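A short reminder: the numbers here are calculations on the coordinates, not readings from a lab. Computed from a predicted model, the values in this text were never measured in an experiment. We place every Cβ from the backbone using ideal geometry, glycine too, and count neighbours over all the protein chains shown.
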Amino acid sequence: MRGTEGLPMLEDPAIEREAWERLLEVYDPELGIDVVNLGLVYELASDGGALTVAMTLTTPGCPMGGSIPDQVRFSLETIPGVREVQVQLTWVPRWEPEMMSATAKRALGWG
């Protein structure tokens, strides 16, 4: 599945599949590209029915800094079997354009 290469699998493959599909629907409104293909999601982990997403933004001063993490949380919290969602913003490692998928780079005319 796109965006999941090298990341550990969740306990429940159905929840993992649904979580990644929903994350593909959360877009950076300025770039018009989803958070997965932008390379903003660093980790998706679960503990029972609790999901934790470690992610970043393109810049610490991102004007959408408050809304994108909220969109991530809202998109995941209605997955059957999920009782809690925590979104942790991190700035390490710092996001770089090289973290984008080939799909995102093409959409921006970079490839």
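Using helices alone, what [θ] at 222 nm do you get for the chain, with -39,500 (n - 2.57) per DSSP H run of 4 or more residues, divided over all residues and rounded to the nearest 500?
Here the helix-only value at 222 nm equals -7000 deg cm²/dmol.
Once the mean 1/r over all distinct Cα pairs of the range 58-100 is inverted, what Kirkwood radius in angstroms do you read off?
Kirkwood radius, the range 58-100: 12.0 Å.
Sort 71-80, 14-23 by packing, meaning the average of other beta carbons within 10 Å per residue, with the highest value first.
Final packing ranking: 14-23, 71-80.
If you average over every viewing direction, what projected area does the convex hull of the Cα atoms of the chain give, in nm²?
Its Cα hull, projected and averaged over all orientations, spans 6.5 nm².
Report the calculated FRET efficiency for Ala45 and Phe74 (r = Cβ-Cβ distance, R0 = 22 Å), to the nearest 0.05.
E between Ala45 and Phe74, to the nearest 0.05, is 0.75.
Kindly write out, for the range 75-81 in residue order, the coupling ³J(HN,Hα) from the Karplus curve 6.51 cos²θ - 1.76 cosθ + 1.60 (θ = phi - 60°), rounded to whole Hz, with x marking Gly and Pro.
With the stated coefficients, the range 75-81 comes to 5, 9, 6, 9, 5, x, x Hz.
Report, by chain and number, residues whose modeled amide H sits under 5 Å from the one on Tyr42, excluding near sequence neighbours (fewer than 5 apart, same chain).
Here Ala54, Met55, Thr56 satisfy the definition.
Using a Gaussian network model on the chain with a 10 Å cutoff between Cα atoms, which of Val82, Val35, Val92 fluctuates the most?
Its mean-square fluctuation being the largest, the pick is Val92.
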